[in-house]
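Structure record follows, encoded as structure tokens.
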Amino acid sequence: MIPELNNIDAIIFDFDGTLYDYKDFSRNLIKGMPFFALLMYKERVVHNGLKGQSFDSVNAYNDVYFGAIAKKSIYSRKFIENWFYKKYMKNFAKVLRKKYKPRENIIEVFDALYKKNIKTSILSDYPNVKERLQALGVTAESIHCEDTCFSTEQLFCFKPAAQMFIKVADVLKVSPERVLVVGDRNDTDGEGARLSGMKFVQISTYKNGTDKDTVKHPFLSWEEFSDFILQ
């Protein structure tokens, strides 16, 4: 069962895989810039390898992140950073704009939470959160998250570091035990929630179906979650 909303003061939503169905996303990213297919793969390897690490600043975060990608490639750290922001993230948004749509009833869900005085935030693994929302046809303002869209880079941590979830709760001015995390990945979103004393609901995707029989937390389709909020 989903935790009763009267025990929740805020919800932190993951982005990719949670607010839209990201089936075939990697394939579509590669189609958008095939020359960099191997580099995109190495970025994912590095990103996953840094799970749970936290840093003292954005610069320290990026030094380790981009430096590790550079070591696995033929490119310099400076090239990687430039490529990431000017090519990769632009391609990311372009693919979202062309190929993907937000989850059904997303505006209604966030409106309903707002009317229930439940604060909302987005915590994404990648930067340019507002721009990527717009690429899906959704503005941060329309889902009442104009000041609460965060990336792991902004908080200089990689999921599931508890530190970043606590920081978001602090911004929302809510105690961690009164926060619900909604995400598609148990190893990052779910573990981050548990490490920071928050509740967790996992959204089912084409990738995580095998989790359903092994986890103890609520495991729902977006439609089931949406119905619960809108009831």
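Helix 106-115 and the longest principal axis of the Cα set of the chain meet at an angle near 50°. Evaluating 6.51 cos²θ - 1.76 cosθ + 1.60 at θ = phi - 60° for every residue in the range 126-135, the Karplus couplings come out as 10, x, 6, 4, 5, 5, 6, 4, 4, 5 Hz, glycine and proline recorded as x. With the full set of protein chains in place, find how many percent of the accessible area of the chain is carbon and sulfur; take the probe as 1.4 Å. C and S fraction of accessible area: 50 percent.
When 56, 147, 184 are compared by accessible area at a 1.4 angstrom probe, the order from most to least is 56, 147, 184. The residues 8, 30, sorted by heavy-atom accessible surface at 1.4 Å with ligands and nucleic acids left out, run 30, 8 from largest to smallest. Cα extents for the range 118-206 along the principal axes, largest to smallest and rounded to whole angstrom: 34, 32, 25. Ligands, DNA and RNA aside, residue 114 has an accessible area near 140 Å² when probed at 1.4 Å. Computed from backbone phi with θ = phi - 60° and the Karplus coefficients 6.51, -1.76 and 1.60, the 3J(HN,Hα) list for the range 2-9 is 5, x, 4, 5, 6, 9, 10, 9 Hz; x is used for glycine and proline.
For the range 156-166, the Karplus equation 6.51 cos²θ - 1.76 cosθ + 1.60, evaluated at θ = phi - 60°, returns couplings of 6, 9, 9, 4, x, 3, 4, 3, 6, 5, 5 Hz by residue, with Gly and Pro reported as x.
When the surface is traced with a 1.4 Å probe over the full set of protein chains, residue 9 keeps roughly 60 Å² accessible. If one takes the longest principal axis of the Cα atoms in the chain, at what angle in degrees, from 0 to 90 and to the nearest 10, does the Cα axis of helix 89-99 lie? The two axes meet at around 60 degrees. Just to verify a number: FRET efficiency for residue 212 and residue 57, C-beta to C-beta distance, R0 = 35 Å, to 0.05? Once the sixth-power term is evaluated, E becomes 0.35. Placing +1 on the Cβ of every Lys and Arg and -1 on the Cβ of every Asp and Glu, with no other charges, gives the range 1-74 a dipole of roughly 620 debye about its Cα centre. Ordered by solvent-accessible area of protein heavy atoms (1.4 Å probe), largest first, the residues 120, 139, 214 come out as 214, 139, 120.
If you take the Cα centroid of the range 8-73 and the Cα centroid of the range 161-231, the two points sit 19 Å apart. Taking every protein chain into account, the accessible area of the range 17-144 amounts to 53 square angstrom per residue (probe 1.4 Å). Pairs from the table (94/130; 115/159; 87/207) lying more than 24 angstrom apart at Cα are 115/159; 87/207.
The values are calculated or read from the model by the stated rules, or taken from the named source; none is laboratory data. Nothing here was measured: the structure is a model prediction, and the numbers come from that model. Here Cβ is always computed from backbone atoms with ideal geometry, including for glycine, and neighbour counts include all displayed protein chains. We work out accessible area using only protein heavy atoms, side chains counted, and drop any ligands, DNA or RNA first. Shrake-Rupley method; radii C 1.70, N 1.55, O 1.52, S 1.80 Å.
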